[in-house]
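Since every read-out is calculated from the coordinates, none of them should be taken as a lab result. From a predicted model like this one, the values you see are computed outputs, not experimental measurements. Cβ placement follows ideal geometry from the backbone for every residue including glycine, while neighbour counts extend to all protein chains displayed.
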Amino acid sequence: MSTLVIVIIVLALVFDYINGFHDAANSIATVVSTKVLTPLQAVLWAAMFNFVAFFIFKDHAVANTIAKTVIDTYITLPVIMAGLIAAIFWNLLTWWYGIPSSSSHTLIGGFAGAALAHAYWVKGWVPFGEVVEMDKISKTVYFILLAPLIGMIISIFITLVTIRRNIFGKVALILLSSVALYFLFGSFMNTKLEDNLTKFYKVDKYKKEFAKHPEDEAVKKKYDKAIANYVASKPFLKDYKSEGGEYVAKKIGESVELDYLVEGKLKDLVSKKLKIEKAKKDAFYDKSMQPILDEKLAMLDECKPIFKNYSVVGADSTAHAVALLLGVTNIGDYEKFAKGFKVDIHKDLVKELDRADNRFLLMCIYAVILIFILSYIYCEVIKTPTANRMANMFKKLQLLSSAAFSVGHGGNDAQKVMGIIGAALIANGTITDFKELPNWVPLACYAAIGLGTLSGGWKIIKTMGTKITKVTPLEGVSAETAGAMTLFMTEQMGIPVSTTHTITGAIIGVGATKRLSAVRWGVTRSLLIAWIITIPVSALVAGLSYMILGLFGI
């Protein structure tokens with residue numbers, strides 16, 4: 001691993017740490033402002049549940065979106081480094097002035113801005129849509145407004161349900177909401193299953209190749225086969241909930257010939273060893289590097305006949321033959337290299353399908369809902385409801401809602417840094433696809449954001465907890481629960497939203513249920529301006545950072 005990659009990984013984790021203390025206010029502002037916990041207790045509580053998210057979110061859809069914000073051709077290590085420098089600068093600046101801006105959007109803006117500067121620097125004028133993935137940028141921009149709006153609507157609903165005096169009507173509405181959640185998360189899982197199946201067959205990859213080279217019959221054949229296999233496999237997905245990934249993968253294997261995918265896996269393995277994707281980028285920017293790329297491609301072509309005999313000779317013989325051809329003779333290197341040749345397509349398919357399973361997350365949500373219902377019944381039916389008893393109940397429930405929001409914060413924001421590190425590893429040729437992300441990456445990212453949260457962000461806590469509207473324990477529960485639900489939903493959709501925007505919208509929602517004048521709209525307007533300028537300012541700073549790095553030969 002090159003020195004520049006190590007520097008980028010360190011910078012990414014530093015950004016993740018800063019993101020933690022910058023966004024600590026989002027998780028703990030209401031629980032501190034209502035005096036349920038002291039600031040120290042609150043950051044410990046939030047940091048713990050930031051890390052718990054590591055065990056809940058397995059699909060990393062948000063990380064995948066971030067990694068693919070910029071088109072592969074323009075993702076280079078200096079681009080990623082410049083984007084991180086800009087994101088760190090803007091996060092520290094807004095933290096210093098106590099402005100709750102979005103760490104997510106500063107990262108996306110920085111990444112895109114550095115890529116645009118890079119494209120213009122080396123290629124001259126390049127259309128915006130040829131440098132960044134417009135659909136991913138568009139979704140992110142839409143949710144600058146949609147995330148706080150969704151958070152506000154959910155918080156208004158939760159508050160209005162909570163203040164109902166009729167306990168049975170209250171419980172009935174909560175149960176109806178639970179049924180709606182079941183179908184909503186079911187639709188999210190179905191969508192993810194379909195998306196993961198397209199990734200398994202590389203439909204999107206071949207689609208892009210076919211769009212670039214429609215005259216190439218070999219590319220068209222691959223694309224047509226990928227589409228045909230996806231269409232043939234899709235009907236079996238309906239059995240996933242009842243039968244599981246193992247059963248669905250077996251049924252797909254019985255009706256679709258999957259052995260051809262082994263050759264593709266082996267090709268990717270050798271491409272990774274030869275760092276062909278990096279060589280393609282080098283040749284794209286410097287024509288003098290083309291002979292090196294041609295040499296690597298020729299070596300890959302020599303390996304292809306060996307791949308075709310895989311099913312006959314087996315993994316060990318294939319690995320031995322390819323290693324001799326590539327000159328992999330060192331024992332340690334050979335053992336690591338040969339390990340990748342033990343391909344199990346059925347197991348890979350099961351793993352791809354199981355990444356879409358969100359039932360554990362849904363069970364956790366239902367457990368929180370059950371605790372809420374039992375708390376309401378205990379305080380309003382079993383015990384005589386008094387103002388003091390109800391206030392104490394909501395203070396205890398706020399611990400739960402704060403924990404839920406911290407899980408959502410960790411699951412959403414740590415993944416963004418995972419996406420940046422993944423993009424750096426791909427650009428360096430360390431891995432060939434985001435699915436190959438090493439296990440240490442998510443572990444490090446969740447740990448860094450948790451440690452950052454431990455450091456707190458007291459200036460922003462003041463803005464979030466007191467300046468927007470005065471928050472009571474009841475309203476704190478409503479705001480945090482609404483924020484958590486919004487983050488869980490957007491994570492399932494793979495959309496990198498701002499936790500800052502989300503909780504701000506939720507706090508505005510609870511304030512508006514009292515009366516519109518309860519919300520300090522002057523502060524809200526200032527926050528909105530900060531949200532709008534974050535992406536363009538971060539992009540500009542990243543572009544300047546890229547040029548400065550270029551002057552230093554990076």
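Only sites in a loop by DSSP and with at most 12 other Cβ atoms within 10 Å count here; which chymotrypsin sites (Phe, Trp or Tyr not before Pro) in the range 31-97 make the cut?
Details: sites: TRP45, PHE49, PHE51, PHE54, PHE55, PHE57, TYR74, PHE89, TRP90, TRP95, TRP96, TYR97; in loops: PHE57, TYR97.
Within the range 31-97, the qualifying chymotrypsin sites (Phe, Trp or Tyr not before Pro) (loop, at most 12 other Cβ atoms within 10 Å) are TYR97.
Assuming R0 = 41 Å, what is the FRET efficiency of LEU540 and THR191, from their Cβ-Cβ distance, to the nearest 0.05? Result of the calculation: an efficiency of 0.70. For a test of the definition: using alpha carbon positions, the gyration tensor, and the 1.5 limit on a/c, classify the range 1-130 as rounded, prolate or oblate. Here the range 1-130 falls in the prolate category. What FRET efficiency comes out for LYS221 versus MET48 if R0 is 41 angstrom and r is the Cβ-Cβ distance? Round to the nearest 0.05. Rounded to the nearest 0.05, the efficiency is 0.20. Against the chain, whose longest principal axis is taken from its Cα atoms, helix 245-255 shows a tilt of about 40°. With 22 Å as the limit, write out which pairs from LYS199/LYS336; LYS221/LYS435; LYS68/LYS287; LYS241/LYS416; LYS136/LYS234; LYS267/LYS347 have Cα-Cα distances beyond it, or answer none. In this structure, LYS199/LYS336; LYS221/LYS435; LYS68/LYS287; LYS241/LYS416; LYS136/LYS234 lie more than 22 Å apart at Cα. With the highest mean first, a sort of the peptides 401-414, 118-131, 352-365 on other beta-carbon atoms found within 10 angstrom per residue produces 401-414, 352-365, 118-131. By a straight-distance test (C-alpha under 20 Å), which lysines pair with LYS383 as possible cross-link partners, with residues fewer than eight away in the same chain excluded? Output for LYS383: LYS170, LYS395, LYS396.
For the chain, the longest principal axis of the alpha carbon atoms and the long axis of helix 39-52 meet at an angle near 40°. Once both labels are positioned 7 Å from their Cα atoms along Cα-to-Cβ, the gap between ILE554 and ARG359 label points is 4.8 nm.
Among 445-451, 104-110, sorting by the average number of other beta carbon atoms lying within 10 angstrom of each residue, highest first, gives 104-110, 445-451.
Protection proxy ranking, highest mean first, for peptides 213-221, 288-296: 288-296, 213-221, where packing is the per-residue count of other beta-carbon atoms within 10 Å, averaged. For the chain, the longest principal axis of the Cα atoms and the long axis of helix 359-377 meet at an angle of about 0 degrees.
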